[in-house]
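Below you'll find the structure, written out as C-alpha cells, and then a few comments.
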Amino acid sequence: MAELITTYDTDVILAEQGYDDKFHEHHHGDKYQSGFIHHYIFSMDHKIIARQFLMTGIFWAIIGAAMSIIFRIQLGYPEESMAWLKPLLGKWIVVDEAGIGTLAPEFYYALVTMHGTILVFFVLTAGLSGTFSNLLIPLQIGARDMASPFLNMLSYWFFFLAGVIMFYSLFISTGPFSGGWTAYPPLSALPQASTGSGTGMTLWLVSLTLFVVSVLLGGINYVTTVLNLRTQGMTMWRMPLTIWAFFVTAILGILSFPVLASGFFMLIFDRSLGTSFFLSDIFIEGQALDRVGGTPILYQHLFWFLGHPEVYIIILPAMGIASEVLSVHARKPIFGYKAMVLSILAIGFLSFIVWAHHMFMSGVNPFISNFFVVFTLIIAVPSAVKVFNWITTIWGGNVRLNSAMLFAIGFVSMFISGGLTGIFLGNSAIDIQMHDTYFVVAHFHIVMGVAAFFGMFAGVYHWYPKMFGRFMSETMGKIHFWGTLIGAYAIFWPMHYIGMAGVPRRYYSFDSFDAFKHFTELNKFITIAAAVVFVIQLLFVLNFFYSIWKGKKMTSRNPWEATTLEWSTPIEPIHGNWPGNIPSVHRWAYDYNKDEREYVPQYIPMVEGEEEDH
Amino acid sequence: MSDLSINPSYRSKIHPKKFALYTSFASITMMFAAFTSAYIVKQAGGNWLEFAIPTQFYISTAAILMSSVVLHLSLKGFKQGNQNRHKYGMIAGTILGIVFIAMQCSGWMTLVDNGIYLKGNASGSFFYLITLVHALHIIGGIAALFVALYHTFTLKFEATPQRILRYELTVHYWHFVDVLWIYLLMFLIFIK
Ligand code: HEM
Ligand SMILES: [Cu+2]
C-alpha cells in the first residue's frame, strides 16, 4: 500500500482554491482591534467573546461547585460543627454557646437554589454554548465573524450584567432567592413568603431576565450566521456536527426562552402589581391573602416549556463536541452522519412536547400525562441512535487516548447511564415513587450535569490550542479525567438507591426520619467524594491558567490533523480569521482514512473520480 | 466534478441583519403565544368574567393599520428618491404610532371606569398584561422611528444601501408589531 498522505500546504491551497471576499481591502478590523480595552474588554471579535464566555463560565463554575460542597457537608455531617465556615458565611452560620456552628436552614435552601441556577444557566448554557458557538461557528463554516459582531458583544455583556446582579444578591442581608432553581410560586410570587423571596427573588428575576436577553441575542446571531455566512461549498449537509448542534441549540433557545420571559412577566405582575395569575388560597400566619383564582400549575407549564428544551440546550452542544472529538481522535469518519443530524433535529423537535413529564405529580390530569409519557419515551430513540453511532465511530478506530478523547468517551458513558434512568422517570406510574427524590437528582446530574461538563472539558482540551496557541498538560488532563469519572459516579450512583428508598430532595436534614437513618454512612461517603471531585476540578483550573502562559507551544497549525476549517487558520489568531482568501469547501467534515489518505481537510478539492462519502 | 457541488446560494439574497430581525420575530411570537396559551388554560379553569372591549382599541387598530400603510409608502419613497414622500410618510407613521399608544391608554382608563381592574378577575389581568406588553413593543418601534426621523432631518437625503437597509429594518419591525396586534385583538375578541 502506498504511503499515507498526511500533510497539506494550506497556504498554497487557500491562495489557489480559496474564495476571495475582498475582506482585507476594507480594513474593518482596525476600528476595534486597537487598544487593550477594545481588544480584550469590549471586543467584537468572536474568538475573544468566546474566551470571555469561557472565563466567566469557569468563575461561576467554581462558585457554584463550592456552594454544593457546603450543602453537602450539611447533608453528610449534620452533627458536626460548621463554625469554621463562619468567616466565609457570616451570620448564616449560627454558633451556640458551646461553640457549635450550624448552617442556617434558610441559607441551605439559598445555596441549593443558587447552585442550580448558576450551573444550569450561567455555566452550562452561557459557559458551554456561549463559548463554543462563538468560537466554532465562524471558524468551522468559514466566516470572517458572526453576522452581527455588535449583538454578539451585547450578548456577552448582558450575561455579564446578569452575573453581577446574581453575585450581588449573594451578599444582601436577607440572602439570595431560596425557593429552588425552578422558582415556583408561591415562594417566588410573594415577597413575604420566605426570607429569600423578597429582595433576593427580585434580583434573581432581574438577573435572569437579562440572561434571557443575552441568550436571545446570541441565539439569533448564531442562527443567522449559520444560515447566511457559510463559505462557498459549505452546504448544510457538509457542516460538522458541532455546527448542527449549536444551530439547533440556538433555535431551541430562541423559541423557548421567550416563554420563560412570559412566565417572568406574569410573576412580576403577581409580585408587584397585585395580580393573581399564579396565586390562590394562600394563608400566611393564619391570615388568608386576598389573592384568588390563580394557579401555580400555570407557572409550571410556562417554566417547563422552557425547562425541558433548556436541558437539551445544555446537552446538544456537548453532543456536537463529543461527535467531533470522537471522530478526530478515532481517525474515522463519524458513523451515520445523516442519522446524527436527523436525531439532533428529532430531539430538538421532541423536546418541545414533553415538558409535562416534570409535572406528573403536580396534579395534572393523568390522561394528559399519558401523552407526555409516550413522547418522553420516544426521545429515547434518537438518543439511542446517537449513542450507537458514537460507539460505532470509535469501534476499531486508531484511537488516540488523549484528554479530549477520554472526556468525549466519558461523555458517552455518562449519557448512557443518565439516559437510562430518564426512561424510569418518564413512566408516570414509576414517577409517583421517584418524583422529587434523590433518584431525580442522580438522573439529571449524570445526564445533564456531568455529561455536559464532560463535553465541555473535551471541547476545552481539544480546542485549547486554537484558543490560546498552546496545549494543556496531558498528564494533568488524564488525572483530571480519571478522578472526575470515578468521582462523579461515586457521588451520583449511590443517590439512585437513596432516591428509590424515597428520600426526598431539597431537605435540610433527615434527623427526624427514622426510615432514612441507614443512609447516614452513604451520605458521608457522597460528601467526601464530592469534596475530592471539587479538588480535582481545581487541578483543571490550574492546568488551564498555567497553560495559557506556560503550556507547550503549538508549532503546526493543525496539531490533531483534523479536517475542519478552524485548523486552516494561522496559529496566531487574527481578526477576520484568514489572512487571505477564505477556504472553499469541497467535501464533508469527516474524511478520515479515505483511500490512501490519512485525512483530507474540507478545503481540499475532490480528485478525479473521487466520490463524496455520504 | 467538484465545482458543481459549490453552493450557489453562497451569501444568500436576504441580508443577514434582516434575517436576524426576522428570527427575532419568532422569539416575540413565542412570547405572545405563551401569554395566549396561558390565557386559554386559565380560561378553561373557570371563574372567568366576560367584558366588552372599549371602542378605543378599535380606533387604535385603525391607527396602526394606517401607520403601516404610510410607512410602507415612505420606505418606497426613500428607495425611489422621493424625499417628500419619504419624510412626510415617516412623520405621519410616527404620529399614528403615538396615537395608537394614546388610544390604548384611553382604552385602559375606560376599562378601569367600567370596573375591570388589573388586580381583579383573571380575564382582566390577562387583558392588561397582553396589551401592555404589546404596547411596550410598539414603544420600541416608535423609538426606532425617532432615530430614523433624526437621521432624515440631520443627514443629507441620500438613499445609500446602508440607510435603506436600516430604514427597512425599522419598517419591517413595525409591520410585524402591527400584525401581532391584529392577532392579539382577534384573539381577545373571539376567545373571551
Ligand atoms: C432518555 C431521555 C430522558 C428522559 C426520558 C428523561 C425523563 C425525565 C423525567 C421524567 C424527569 C422528571 C422526574 C421528576 O421530577 O419526577 C426528568 C428530570 C430531569 N431531567 Fe431528564 N430525561 C431524559 C434525559 C435528560 C437529559 C438529556 C437531560 C439534560 C441534559 C435531562 C435533565 C433533567 C433535569 C434537569 C431534570 C430535573 C429537573 C428538576 O426537577 O429540577 N434529562 N427527566
Ligand atoms: Cu424534561
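Quick notes on this one:
- For the protein assembly as shown, the share of DSSP beta bridges that are antiparallel, to the nearest 5, is 90%.
- Only lysines eight or more places from residue A:552 in sequence, or on another chain, were considered; those with a Cα closer than 19 Å are A:466, A:478.
- Dividing the convex hull volume of the alpha carbon atoms of segment A:144-238 by its residue count gives 105 Å³ per residue.
- Global geometry of the protein assembly as shown, whether rounded, prolate or oblate, following the gyration tensor of its Cα atoms and the 1.5 cut on a/c: oblate
- Neighbouring Cβ atoms from other chains, within 10 Å of the Cβ of residues in B:30-41, number 6 on average.
- Cα gyration tensor category, rounded, prolate or oblate, for segment A:300-345 with a/c compared to 1.5: oblate
- Between segment A:153-200 and segment A:327-357, the Cα center-to-center distance that results, in Å: 34
- Hz values of 3J(HN,Hα) by residue in segment A:266-281 - Karplus curve (6.51, -1.76, 1.60), Gly and Pro given as x: 5, 5, 5, 4, 5, 5, 10, 10, x, 6, 10, 4, 10, 10, 6, 6
- Projected label distance in nm at residue A:607 and residue A:398, using a 7 Å step from Cα toward the beta-carbon: 1.6
- In this structure, the pairs whose alpha-carbon distance is over 27 Å, taken from A:22/B:87; B:18/B:156; A:553/B:17; B:119/B:192; A:91/A:524, are A:22/B:87; A:553/B:17.
- Backbone geometry of segment B:43-50 corresponds, through the Karplus equation with coefficients 6.51, -1.76 and 1.60 at θ = phi - 60°, to 3J(HN,Hα) couplings of 4, 5, x, x, 6, 10, 8, 8 Hz, x marking Gly and Pro.
- Test item: A:229-238 mean partner chain Cβ contacts at 10 Å: 4
- Cut-off of 10 Å, at most 12 other beta carbons, DSSP loop: longest stretch of chain A lacking such GluC sites (Glu not before Pro): A:286-595
- Put in line by how crowded their Cβ is, counting other Cβ atoms within 10 Å and starting with the fewest, A:112, B:147, A:387 read B:147, A:387, A:112.
- Those aspartates and glutamates that a straight Cα-Cα span of less than 15 Å connects to residue A:338, excepting residues fewer than 8 apart in one chain: A:324, A:591, A:612, A:613
- By the count of other C-beta atoms within 10 Å, a proxy for reagent exposure, A:246, A:424 are ordered fewest to most as A:424, A:246.
- Least to most buried among A:22, A:550 (fewest other Cβ within 10 Å first): A:22, A:550
- Among the residues of B:122-133, the average count of other protein chain beta-carbon atoms within 10 Å of the residue beta-carbon is 4.
- The protection proxy used here, the mean number of other Cβ atoms lying within 10 Å of each residue, ranks peptides A:158-164, A:436-442 as follows, highest first: A:436-442, A:158-164.
- Prolate/oblate/rounded call for segment B:29-116, Cα gyration tensor, a/c under 1.5 rounded: oblate
- Segment A:451-513-segment A:247-273 distance, computed between alpha-carbon centres (Å): 29
- Reachable aspartates and glutamates, given that their alpha-carbon falls under 20 Å from the alpha-carbon of residue A:550 and they are not under 8 places away in the same chain: A:474, A:572
- Phi-based couplings in Hz for segment A:180-193 (Karplus 6.51, -1.76, 1.60; Gly and Pro marked x): x, 5, 7, 6, 5, x, x, 4, 8, 9, 10, x, 8, 5
- Legend: P(r) of segment A:205-265 from all alpha carbon pair distances, 10 Å bins from 0, whole percents, reading 22, 44, 23, 10, 1.
- Less than 5 angstrom separates the built amide H of residue A:293 from those of A:281, all sequence-distant by 5 or more or on a different chain.
- Less than 5 angstrom separates the built amide H of residue A:552 from those of A:471, all sequence-distant by 5 or more or on a different chain.
A short reminder: the numbers here are calculations on the coordinates, not readings from a lab. None of the values given here were measured: they were computed from a predicted structure. In this analysis, Cβ positions are derived from the backbone assuming ideal geometry, glycine residues included, and neighbour counts consider all displayed protein chains.
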